[in-house]
């Protein structure tokens, strides 16, 4: 997929020998061991498995929010440290992490205020990102705590997208959305993929999973299985049928 913006070409993201341990209060165990994955620009990969907490642990590690137990992650050809790099990675967690005392547009602007960003924050850029997710202008200057759960989820997604990241990591990005909004989000994700953003996500079965190039299934004991999604082809090992 060709880029349509001014970002330099990059190799997407590369995961080598990734080992992730479980989070939480229970006994620590391996969630995934020895995961090798190439995320080419414009590709979408899903993380699937019986445990939502395990999916979250893998996604948070890929996003740089928690260190891996072993292995390396590179984004744009550069190693990922223990903390996230907002210029290269957009992240949407299940808790949204919005600031309730700020408006919707101000929450999106927070992503542009980071000291590692380039240029001055643009209110219009933030508003355009909200508009792309069908948030009406009447909501832009409301405190996010006054918005519905679905509106808040779209504000959080707008914040993850506004930096035009090389890698977008999404944990259940449509859990509070109606079917029409889910389709809209999928269209927005397809558009940013066309511009070269690689996406890793966990989501319930549906259109977001249908448009994945690959699906990483978290197996017992941490052994991952990588299968082709409906939009892609299997890599590594023998080919498999598209996962449903």
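Hey, any hits in region 40-53 for a residue that's out of contact with any strand residue (DSSP E or B) (no Cβ under 9 Å at 6 or more places or on another chain) and part of a loop (DSSP other than H, G, I, E, B)?
There is no residue in region 40-53 that is out of contact with any strand residue (DSSP E or B) (no Cβ under 9 Å at 6 or more places or on another chain) and part of a loop (DSSP other than H, G, I, E, B).
Within region 64-73, work out how many residues are surrounded by 16 or more Cβ atoms within 10 Å (Cβ to Cβ) and farther than 18 Å from residue 24 by Cα.
Here the count works out to 2.
Among (1) surrounded by 19 or more Cβ atoms within 10 Å (Cβ to Cβ); (2) in contact (Cβ under 8 Å) with a residue 60 or more places away in the chain; (3) within 20 Å of residue 12 (Cβ to Cβ), where does residue 231 come up short?
Only one criterion in (1) surrounded by 19 or more Cβ atoms within 10 Å (Cβ to Cβ); (2) in contact (Cβ under 8 Å) with a residue 60 or more places away in the chain; (3) within 20 Å of residue 12 (Cβ to Cβ) is unmet by residue 231, namely (1).
What number of residues within region 128-142 satisfy the criterion of being assigned to a helix (DSSP H, G or I) and either at pLDDT below 90 or over 19 Å from residue 187 (Cβ atoms) (or both)?
4
Please work out if residue 61 is farther than 14 Å from residue 156 by Cβ, touching a strand residue (DSSP E or B) at 6+ places or on another chain (Cβ under 7 Å), at pLDDT 90 or above and buried (at least 18 other Cβ atoms within 10 Å of the Cβ).
yes
Restricting to region 13-43, and then to whatever is crowded, with 22+ Cβ neighbours inside 10 Å and touching a helix residue (DSSP H, G or I) at 6+ places or on another chain (Cβ under 6 Å), can you tell me which residue is nearest to residue 227 (Cα to Cα)?
32
Identify the single condition in (1) surrounded by fewer than 18 Cβ atoms within 10 Å (Cβ to Cβ); (2) farther than 15 Å from residue 93 by Cα; (3) modelled with pLDDT under 95 that residue 204 does not satisfy, given that it satisfies every other one.
Only one criterion is unmet by residue 204, namely (2).
Have a look at 90, 100 and point out the one that is modelled with pLDDT of 90 or more, in contact with a helix residue (DSSP H, G or I) (Cβ under 7 Å, 6 or more places away or on another chain) and surrounded by fewer than 18 Cβ atoms within 10 Å (Cβ to Cβ).
That would be 100, the only listed residue that is modelled with pLDDT of 90 or more, in contact with a helix residue (DSSP H, G or I) (Cβ under 7 Å, 6 or more places away or on another chain) and surrounded by fewer than 18 Cβ atoms within 10 Å (Cβ to Cβ).
Failed condition for residue 222, given (1) under 15 Å from residue 96 (Cβ atoms); (2) modelled with pLDDT under 95, with all others met?
Checking residue 222 against (1) under 15 Å from residue 96 (Cβ atoms); (2) modelled with pLDDT under 95, the one that fails is (1).
Kindly check whether there is at least one residue in region 110-121 that is in a loop (DSSP other than H, G, I, E, B), at pLDDT 90 or above and surrounded by 13 or more Cβ atoms within 10 Å (Cβ to Cβ).
no
The values are calculated or read from the model by the stated rules, or taken from the named source; none is laboratory data. Computed from a predicted structure; not experimentally measured. Virtual Cβ from ideal backbone geometry, glycine too; neighbours counted across all protein chains shown.
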